[in-house]
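Undergrad: My questions all concern the structure below.
The values are calculated or read from the model by the stated rules, or taken from the named source; none is laboratory data. These figures come from a predicted structure and were not determined experimentally. Heads up, the Cβs are rebuilt from the backbone with ideal geometry, glycines too, and the neighbour counts pull from every protein chain shown. SASA here: full protein model, heavy atoms, side chains in, ligands and nucleic acids out. Shrake-Rupley method; radii C 1.70, N 1.55, O 1.52, S 1.80 Å.
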There are 2 protein chains.
Amino acid sequence: MMIPVGVSNRHIHLSKEHMAALFGEGAELTVLKPLSQPGQFAAKETVTVEGPKGKIENVRVLGPVRSLTQLEISKTDSFKLGVAPPVRLSGDIDGTPGITIHGPKGTVTVDKGVIIAKRHIHMTPKDAETFGVCDKQVVKVKTQGERALIFDEVIVRVSEDFALDMHIDTDEANAAGLKTGDYVELLPS
Amino acid sequence: MMIPVGVSNRHIHLSKEHMAALFGEGAELTVLKPLSQPGQFAAKETVTVEGPKGKIENVRVLGPVRSLTQLEISKTDSFKLGVAPPVRLSGDIDGTPGITIHGPKGTVTVDKGVIIAKRHIHMTPKDAETFGVCDKQVVKVKTQGERALIFDEVIVRVSEDFALDMHIDTDEANAAGLKTGDYVELLPS
């Protein structure tokens with residue numbers, strides 16, 4: 001019952017409208033490298049994000065463009081920016097703080113969209129059957145090593161479009177001594 | 001079986017010799033605020049630490065002075081400095097990386113002393129009896145909330161000089177959604 005880990009560094013998803021405002025009318029994202037989830041990629045493009053207390057440069061844009069702009073940061077990053085984002089699943093941005101985004105061709109201020117990503121496991125329906133879990137189920141995941149721990153409150157997300165991967169942020173990776181490509185164990189419910 | 005949490009931000013302990021080199025001959029630490037462990041305090045004094053890739057300013061000196069200089073940072077900090085410290089208990093610095101320390105009156109480069117603190121619980125012999133654990137025992141600790149997890153590999157440290165407190169670093173605190181003063185639960189072995 002082992003699952004590979006993907007550590008998500010801070011990153012941003014852009015709407016088509018904000019892509020144009022930040023990178024110019026008609027600009028498109030260029031692929032730097034594919035990500036574990038099919039069709040998703042890290043783009044060559046980066047932005048600077050700025051909050052009330054500070055800014056962070058070189059924030060990677062992930063592609064393809066989405067319907068909503070969403071900045072995913074760690075709690076550590078949130079202190080630097082001076083924002084207090086909630087822990088949320090991707091796409092669930094109602095009531096979240098906004099941020100200012102600087103691109104090479106313009107600046108955009110969004111009034112919501114900053115989250116700390118809730119830890120989750122992507123898997124296919126076939127994986128879910130193998131593991132005996134279902135979409136949105138909360139599971140426990142065990143790690144190994146000198147910083148071993150058991151993550152509780154891990155959300156299972158099931159789709160034909162997914163590949164098996166547990167996503168954690170950099171705080172979680174550092175706290176557990178994990179890096180991308182390490183394996184963790186899904187505990188029986 | 002609840003234990004209060006103390007989140008340790010990056011900090012440094014100085015030897016008498018390095019104290020003199022950084023702050024001037026005869027300089028003494030001044031108390032900013034007492035810490036949870038009896039006799040220990042955050043000093044008003046701070047230093048800048050510098051590694052191969054970058055530096056971090058305003059690193060708090062903890063008092064009183066010790067026999068060995070030791071810099072305790074998070075894994076997140078280690079990437080910024082460009083050093084690769086091991087996860088260690090305080091005082092166990094053989095084979096650890098060195099660092100350059102800048103004070104108001106001088107600079108010192110130590111050839112060892114940088115660690116990532118291994119999570120641990122301080123307690124008195126009476127606490128140990130209550131909890132049914134002994135010095136150096138490895139225990140599990142459960143946290144609550146939306147980032148709930150169970151820390152494994154937690155070392156119990158027992159001394160008459162201690163007060164009950166679980167020490168974690170900022171990566172661990174952020175990953176678990178904990179802050180100083182929160183409570184965690186020692187799980188039965």
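Undergrad: Using Cα centres only, tell me the gap between the range B:38-62 and the range A:1-78 in whole Å.
TA: Centre-to-centre distance over Cα atoms comes out at 33 Å.
Undergrad: Related question: Sorted from shortest, what are the nm distances separating the label point of A:P38 from equivalent points in the other copies, each placed 7 Å from Cα along Cα to C-beta?
TA: In nanometres, ordered from closest: 6.4.
Undergrad: At 7 angstrom along the Cα-to-beta-carbon line, where would the label on A:D92 sit relative to the other copies? Give the distances in nm, shortest first.
TA: Inter-copy label distances (nm, one decimal, shortest first): 3.9.
Undergrad: At B:T124, with labels set 7 Å past Cα in the Cβ direction, how many nm apart are the copies from this one, shortest first?
TA: Inter-copy label distances (nm, one decimal, shortest first): 6.0.
Undergrad: On to the next question. What average number of partner chain Cβ atoms lie no more than 10 Å from the Cβ of the residues making up B:148-160? It would help to have the intermediate numbers written out before the result.
TA: Numbers: counts 7, 13, 7, 6, 10, 8, 2, 0, 0, 0, 0, 0, 0.
The per-residue average across the peptide is 4.
Undergrad: Mind giving me the FRET efficiency for B:T100 and B:C134? R0 is 45 Å, r the Cβ-Cβ distance, nearest 0.05 is fine.
TA: 0.70
Undergrad: Next up: Run the quick spin-label model on A:R66 and B:T46: label points 7 Å from Cα toward the beta carbon, then report their separation in nm to one decimal.
TA: 3.5 nm
Undergrad: Would you mind checking which residues have amide H under 5 Å from A:L89's amide H? H placed 1.01 Å from N; only 5 or more apart, or other chain.
TA: Long-range HN contacts for A:L89: A:K118.
Undergrad: For the range A:85-189, which GluC sites (Glu not before Pro) are both in a DSSP coil and crowded by at most 10 other Cβ atoms within 10 Å?
TA: Filter output for the range A:85-189: A:E160.
Undergrad: Tally up the carbon and sulfur contribution to the accessible surface of chain B as a whole percent, 1.4 Å probe, everything protein left in place.
TA: Looking at chain B in its full context, I get 51 percent from C and S.
Undergrad: Hey, another quick one. Once you wrap a convex hull around the alpha carbon atoms of chain A, what is its projected area averaged over all directions, in nm²? Walk me through the numbers before you get to the answer.
TA: Values: hull surface 41.7 nm².
Projected area, direction-averaged: 10.4 nm².
Undergrad: Could you work out the pair-distance distribution P(r) of the range A:1-88 from its alpha-carbon pairs, with 5 angstrom bin width and percents rounded to whole numbers?
TA: Going out from 0 Å in 5 Å bins, the range A:1-88 shows 3, 13, 22, 23, 18, 13, 5, 2, 1, 0 percent.
Undergrad: Kindly work out what percent of the DSSP beta bridges joining two residues of the range A:9-116 are antiparallel, to the nearest 5.
TA: Counting DSSP beta bridges with both partners in the range A:9-116, the antiparallel share is about 75 percent.
Undergrad: Return the FRET efficiency for the residue pair B:T107, B:K179: r is the Cβ-Cβ distance, R0 is 51 Å, and the value is rounded to the nearest 0.05. Provide the component values of the computation, followed by the final result.
TA: On the way: r = 34 Å, r/R0 = 0.67.
Once the sixth-power term is evaluated, E becomes 0.90.
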